Amino acid sequence: MSYFHGQTIILNEIELMLDAMIDDEENYNILFRAPSGHGKTTLALRCMSVLGLENCAYYLPNIEGNNLSPEFNEERRIHTIDEIHELKTSEFLYPLMDTGEYSFFILTNESGRLKEPLRNRCIPFIFHPYTLEEISQIVGDSLQTSNIPEEFMTEIADRSRGNPRIAKKICERLGYVFRSYNIPKDLDSLITILEEVLYIKEKGLSRFDEIYLEYLERVGGRASLISLISGTGIDKTTILTEVEPLLLYQGIVEITSRGRNLTNINRSVQNA
């Protein structure tokens, strides 16, 4: 699908499904599972565009979580439900999904909260981690200028935590910086802007990440989650959903039965 970078395996199958939905009027229930910012909504909206927006409806669970907002539109064939994990009473969807008269795109970044009868009615698509090259392509599109060297795009991508949405936000911030200071002439100047103006560190480490790592180093390289919460002042949700996923993925820390540990590789680099 044009203008969507990454998820090639998923895109290949989705394109076949869209052809069947258009040519043969087939209907499918499709579940997109991915972390926040990985393009679930973007891909679903592009599918809706291909299928014809006049045939589509987009919903979110309402504030109470007991229904959809807006209400289900039976006159539309294609239905996209975003943040489905916030819907407390999904049972009313089951008969609609079983009729074969509708297609559903179900989107979530918390699939563990979904009821099993909802999951097993869907064809699941689990998004893959984005490569540095794919994020670089997203950076290039987001900067909307032909004057950016490829090494600039790679540097920005490397600081985007593997997340397309974060990459786009960095580019948004660089946009107004570049308007004020012009596009830097060399990579070192770009790195200075990223680190000293925007405080976006190497590998995308945030200030929370740094505080977490500094605490682990100070206490000898190992601490329990409870100790990290009290010692850093960072709340549990932020540690579990923002800090540790990146540090674990990059091999900077590991979680064992004895607690959170700085890896030997990371400690040897720090002590070098």
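Read-outs: derived from the displayed coordinates by stated rules, not from any lab. Since the structure is predicted, the reported quantities are computational estimates derived from the model, not experimental observations. All Cβ positions, even for glycine, are placed from backbone atoms using ideal geometry, and neighbour counts span all protein chains on display.
Quick notes on this one:
- Look at the dipole of the chain built from charges on Cβ: of 49, 252, 147, the Cα furthest out on the positive end belongs to 252.
- Exposed loop sites, defined as trypsin sites (Lys or Arg not before Pro) outside DSSP H, G, I, E and B with at most 10 other Cβ atoms within 10 Å, are absent from the longest region of the chain, namely 1-184.
- Backbone amide hydrogens, once placed in the peptide plane, bring residue 131 within less than 5 Å of nothing, excluding anything fewer than 5 places away on its chain.
- The simple spin-label model puts a point 7 Å past each Cα toward its Cβ; for residue 217 and residue 229 those points are separated by 2.6 nm.
- Once exposed loop chymotrypsin sites (Phe, Trp or Tyr not before Pro) are cut out (DSSP; at most 13 other Cβ, 10 Å), longest piece of the chain: 4-198
- Alpha-carbon spread of the chain, three principal axes, descending order, Å: 63, 49, 31
- Choice from 37, 140, 65 showing the highest fluctuation, given a GNM over the chain with Cα pairs closer than 10 Å: 65
- Calculation over all alpha carbon pairs of the range 132-203 in 5 angstrom steps from 0 returns a P(r) of 3, 19, 34, 30, 13, 1 percent.
- Result for the chain in a Gaussian network model with C-alpha springs under 10 Å: among 80, 237, 131, the largest mean-square fluctuation is at 237.
- The range 31-82: GluC sites (Glu not before Pro) falling in loop per DSSP and having at most 16 other Cβ within 10 Å: 64, 71, 74, 75
- Temperature 10 °C, viscosity 1.306 mPa s: under these conditions the Stokes-Einstein estimate for the range 187-262, based on its Kirkwood radius over C-alpha pairs, is 122 µm² per second.
- Taking every DSSP bridge with both residues inside the range 8-126, close to 10 percent are antiparallel.
- Alpha carbon centroid spacing (whole Å) that separates the range 38-85 from the range 162-187: 32
- Computed [θ] at 222 nm, deg cm²/dmol, the chain (DSSP H ≥ 4; -39,500 (n - 2.57); rounded to nearest 500): -12500 deg cm²/dmol
- Per-selection Rg to Rh, the range 1-113 - Cα, Kirkwood hydrodynamic radius: 0.94
- Looking at the range 88-171, the GluC sites (Glu not before Pro) that sit in a DSSP loop and have at most 12 other Cβ atoms within 10 Å of their own Cβ are 101.
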